[in-house]
1. State all residues of the stretch B:357-374 that are at pLDDT below 95 and not in a strand (DSSP E or B); if no residue qualifies, say none.
2. Could you check B:Pro187 against (1) at pLDDT 95 or above; (2) over 30 Å from B:Ala291 (Cα atoms); (3) surrounded by fewer than 24 Cβ atoms within 10 Å (Cβ to Cβ) and say which number it fails?
3. Somewhere in the stretch B:227-247, is a residue crowded, with 24+ Cβ neighbours inside 10 Å, touching a residue at least 40 places away in the same chain (Cβ under 8 Å), hydroxyl-bearing (Ser, Thr, Tyr) and out of contact with any helix residue (DSSP H, G or I) (no Cβ under 6 Å at 6 or more places or on another chain)?
4. Going by the structure shown, is A:Gly42 within 9 Å of another protein chain (Cβ to nearest Cβ) and either buried (at least 21 other Cβ atoms within 10 Å of the Cβ) or not polar (S, T, N, Q) (or both)?
5. Restricting attention to the stretch B:384-402, does a residue exist that is away from chain A (no Cβ under 12 Å), assigned to a loop (DSSP other than H, G, I, E, B) and within 22 Å of B:Phe427 (Cβ to Cβ)?
6. With the checklist (1) more than 16 Å from B:Gly430 (Cβ to Cβ); (2) within 14 Å of chain A (Cβ to nearest Cβ) in hand, flag the one item B:Tyr179 doesn't pass.
7. Looking at (1) modelled with pLDDT of 95 or more; (2) of a type outside the set (Val, Ile, Thr); (3) within 14 Å of the chain's Cα centre (by Cα); (4) on the phi < 0 side of the Ramachandran plot, find the lone condition where B:Arg214 falls short.
8. Taking the options B:Gly330, B:Gly352, name whichever one is at pLDDT 95 or above and part of a strand (DSSP E or B).
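The values are calculated or read from the model by the stated rules, or taken from the named source; none is laboratory data. Everything quoted here is computed from the prediction, not taken from an experiment. Backbone-built Cβ (ideal geometry, glycine too); neighbour counts: all protein chains shown. What goes into the accessible areas is simple: the full protein's heavy atoms, side chains included, and nothing from ligands, DNA or RNA. Shrake-Rupley method; radii C 1.70, N 1.55, O 1.52, S 1.80 Å.
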Amino acid sequence: MYKIVKKENLSTNIFSMDVLAPLVAQSAQPGQFVIVIADEKGERVPLTICDYDKEKGTVTIVAQSIGCSTKKMAQFNEGEYFHDFVGPLGQPSEYVNEDINELKKKKVLFVAGGVGTAPVYPQARWFHENGIDVDVIIGAKTKDLIILEDKMRKVAGNLYIATDDGSYGFKGMIPSLIEDLVVNQGKKYDLIVCIGPMIMMKFVCIMTKKLGIKTIVSMNPIMVDGTGMCGACRVTVGDETKFACVDGPEFDGHLVDFDEALRRQAQYKNEEAEKNEKHVCTCHKGGAN
Amino acid sequence: MNRFERVPISEQSPEVRSHNFEEVCLGYTEEEAVAEAKRCLKCKNPQCVTKCPVSINIPEFIHEIAEGNFAEAAKVLAKYTALPAVCGRVCPQEVQCESKCVLGNKGDAVAIGKLERFAADWGRDHDVEVAEAKESNGHKVAVIGSGPAGITCAGDLAKEGYDVTIYEALHKPGGVLVYGIPEFRLPKETVVKHEIKNLKKLGVKIKTNVIVGRTVTIDDLFDKGKYDAVFVGSGAGLPKFMGIPGENYNGVFSANEFLTRNNLMKAYEDEYDTPIKVGSRVAVVGGGNVAMDAARTAKRLGAEVWIVYRRSEEELPARVEEVHHAKEEGINFELLTNPTEIIGDEKGWVKGIKCVRMELGEPDKSGRRRPMPVKGSEFEFDVDTIIMALGTSPNPLIPSTTEGLDVDKKKCLIADEQGQTSKEGVFAGGDAVTGAATVILAMGAGKEAAAAIDKYING
């Protein structure tokens, strides 16, 4: 059992939790993920690691309660326990092993969509701590869904905000903002790291391919075990089939077949809806009893 | 009674069982077990034992059953195996112990597997205390993986007084016994859980949710954990795909995914959150036990099912009993047939499978006749789900994060017959070394390694 030592609501339906898991915290690196099982009957839910504190032994996860399992997780409070918490899984971000001096020569832009802002924050902070200021874009549908703005401002070089409805910052989609920065404002980037909903990453990659900027994306497909066993997370990268859990989750976004990935992500939609109907209280802690 | 005829065993009828996940075989009653045990000729030089990977004294436990000493029979088994109730159910006895039974020359071999199951179940139901650990010797051993190899190795070492901790990557112990083999062949709550409980009674600690290679490394276990030796029994968990066009369409699953959702995550029960997808027409590609398990699971979830296998019935790697059960349950067999392409609809979902008929040519390296495509025999049939059951290979995570631990071309760990790997203090066995094989072979390897670890530490 894994204790939730801190819970914070970042917006109406986005929550952050620090979970006590010392072994995971000890080994965690940027770019990796964990799997959380809320209670005995819960699913194995993969979530990107948003932060970790090796001294306190905690790992921070952030999720948006949309599906059944994230809604169930949202009902857990400080002091309560998740049934299982396993990780860190996947490969760490490539830059972790790069030479800092080489990295300093690069101009990096982080692009965060919605709840994807949470895993971007520690990465931006990692660069900041290593003496590199990166630019960051936070995008969301509307102002209420912009999270971690203040924290991000402290570690980012330039911080740009975009909302689809124009309620805050740049009005429009993230790819248009990237185009505006590069084409109209003359910004130059050597590398873009993009984390967010799959559909957002797809359109960012279409834009950055046009602009000729290398883009790393963090894939979040369906998974069961997260250790390479099930193959549910198959993603086509270039000509190859990769398992996002062990080969990723980060890939060269210009090589990812996003249309296939989007389609595969919806694979269990009907079954999930059916499960929801059959046991109406599935989203509650402790299952249907 | 005719000595050459096996006492029949009762099973759920195919019509009933193909709609539930309860165990197919119901086991012998006490009277039936005694009658079957009395058929044993008590050979002076019992050949059955020579074919048992863990060398169980088969005539001895059968003799105890014949005498009605069921508790004694369970104790005899426990001396040799940590998993008698499992092996009695899933071992391929027909090619091991039972294949050497003298009675088999003229009639039916003694039902050694079914008797093993009977004795183990009886022991469990009557709380027979079967094993005791020696006093602690102060040495620590880490076991990676809680499948058949790890359980056996851990159990044997604990009995010798070692302080053993098992590290398991998943959230439940048991390995393939819980994620792979379905409930209808191996009940989890009664059988598997009990065997794990026995292990804990011996003092073995089990830490779930620890992925060695990610959460901790083997070097951490030696340096920080102060273990004297490590046994790697991490199995062969990576699924294979065919590499044919269309394999990433929605509706194509590995058998591992399909079975894990159903067995480990209990997707078939409404109150569990994990969903499972089974269409109305399912093709399962492959002919091993895993293919049969996937096919019969899909059938129980309401689908019509076809096994697609490239060789003939004779070469099916699955146990005869499983093939027989699958047929009884109405699984269709498309033998000498190989998929060449998966056809998808405009939305990217599977709608059919293109196959070619095969014929058998000269024997290949495996000794089996090589299947060759028959020209012009391509055909299609409509399915909405395809399950790939083509075998599995070991996970490269542990060797890739452990310096000095060598693997062969197939990514299998290199270990000698005693389980010694290329790294000092690290032993390995089971599917992680051999590639996908059987429960009992993994147990045999776990046993050998336990003896070798004992020798390594205590000299």
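1. B:Asp364, B:Lys365, B:Ser366, B:Gly367, B:Arg368
2. (2) is the only condition that B:Pro187 fails.
3. No, the stretch B:227-247 contains no residue that is crowded, with 24+ Cβ neighbours inside 10 Å, touching a residue at least 40 places away in the same chain (Cβ under 8 Å), hydroxyl-bearing (Ser, Thr, Tyr) and out of contact with any helix residue (DSSP H, G or I) (no Cβ under 6 Å at 6 or more places or on another chain).
4. Yes.
5. Scanning the stretch B:384-402 turns up at least one residue that is away from chain A (no Cβ under 12 Å), assigned to a loop (DSSP other than H, G, I, E, B) and within 22 Å of B:Phe427 (Cβ to Cβ).
6. It is condition (1) that B:Tyr179 fails.
7. (3)
8. Working: B:Gly330 fails: part of a strand (DSSP E or B).
Of B:Gly330, B:Gly352, the one residue that is at pLDDT 95 or above and part of a strand (DSSP E or B) is B:Gly352.
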